[in-house]
1. Considering only residues that are at pLDDT below 90 and surrounded by 12 or more Cβ atoms within 10 Å (Cβ to Cβ), which ones fall in the stretch 91-106?
2. Read through the list (1) within 24 Å of ASP127 (Cα to Cα); (2) touching a Leu at 6+ places or on another chain (Cβ under 6 Å), then give the number of the only condition that LEU73 fails.
3. Any chance you could count how many residues in the stretch 10-19 are in contact (Cβ under 8 Å) with a residue 60 or more places away in the chain and out of contact with any Ser or Thr (no Cβ under 7 Å at 6 or more places or on another chain)?
4. Determine which single condition PRO88 fails, assuming it passes every other condition in (1) of a type outside the set (Lys, Arg); (2) outside any loop (DSSP other than H, G, I, E, B); (3) at pLDDT below 80; (4) surrounded by fewer than 13 Cβ atoms within 10 Å (Cβ to Cβ).
5. Here is a list: ASP127, ASP116. Which entry is assigned to a loop (DSSP other than H, G, I, E, B) and at pLDDT 90 or above?
6. Given (1) at pLDDT 95 or above; (2) open to solvent by less than 10 Å² (accessible area, probe 1.4 Å), identify the lone condition not met by GLU48.
7. Going through the stretch 66-81 one residue at a time, which ones are open to solvent by 30 Å² or more (accessible area, probe 1.4 Å), within 16 Å of GLY98 (Cβ to Cβ) and without any contact (Cβ under 8 Å) to a residue 40 or more places away in the chain?
Amino acid sequence: MREVITNSPEETKQFAAGLAKGLKPGSVLALHGDLGSGKTCFVQGLAEALGVKEIVSSPTFTIVNEYHGRAKLYHVDLYRINSGAELPGLGIEELLEGDGITAIEWPDIFAGFLPDDTIHVYFEFVDELRRRISIDVSRLRGRSNLEKPGEA
């Protein structure tokens with residue numbers, strides 16, 4: 001597990017930008033953490049690093065937002081999904097096999113569908129501004145620039 005403490009939303013975005021350098025189309029990130037813990041801020045950093053010009057906001061009510069930069073970015077928010085029975089027909093499985101990078105907030109309900117090489121990112125409150133971000137790098141063989149994302 002690789003861990004970093006960020007001291008502001010801007011540092012969270014910078015950390016995500018460093019991680020984005022090692023992502024390629026087909027990469028899937030599962031973002032775990034409480035409300036307000038920095039998941040959407042993290043996706044904003046990914047988007048900026050990928051050259052997305054649009055404003056990135058949480059897709060809580062739309063489920064999926066698609067952004068275009070140097071690579072497609074799919075931002076998925078499953079917070080409002082109550083059971084796995086609601087998942088078929090949302091098209092999320094197709095995103096995982098597609099040509100973009102997929103970041104999924106509240107991924108637990110979708111866990112059985114995630115690829116084996118999903119990058120799991122965990123967000124915890126340290127205090128009002130600081131966050132502990134942990135990345136499970138155990139399944140990232142062959143992605144050396146992801147093993148130390150803050151240094152990429």
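The values are calculated or read from the model by the stated rules, or taken from the named source; none is laboratory data. Small disclaimer: the values here were computed from a predicted structure and weren't measured. Positions of Cβ are generated from backbone atoms using ideal geometry, with glycine treated the same way; all protein chains shown enter the neighbour counts. Note: areas computed on protein heavy atoms with side chains; ligands, DNA, RNA excluded. Shrake-Rupley method; radii C 1.70, N 1.55, O 1.52, S 1.80 Å.
1. GLY91, ILE92, GLU93, LEU95, LEU96, GLY98 - these are the residues of the stretch 91-106 that are at pLDDT below 90 and surrounded by 12 or more Cβ atoms within 10 Å (Cβ to Cβ).
2. Status for LEU73: all satisfied but (1).
3. 2
4. Single failed check for PRO88: (2).
5. Going through ASP127, ASP116 in turn, the sole match is ASP127.
6. With respect to (1) at pLDDT 95 or above; (2) open to solvent by less than 10 Å² (accessible area, probe 1.4 Å), GLU48 is out only on (2).
7. Let us first name the residues in the stretch 66-81 that are open to solvent by 30 Å² or more (accessible area, probe 1.4 Å), namely 66, 68-70, 72, 79-80.
Right, trim to within 16 Å of GLY98 (Cβ to Cβ) and you get 66, 68-70, 72.
Result: GLU66, HIS68, GLY69, ARG70.
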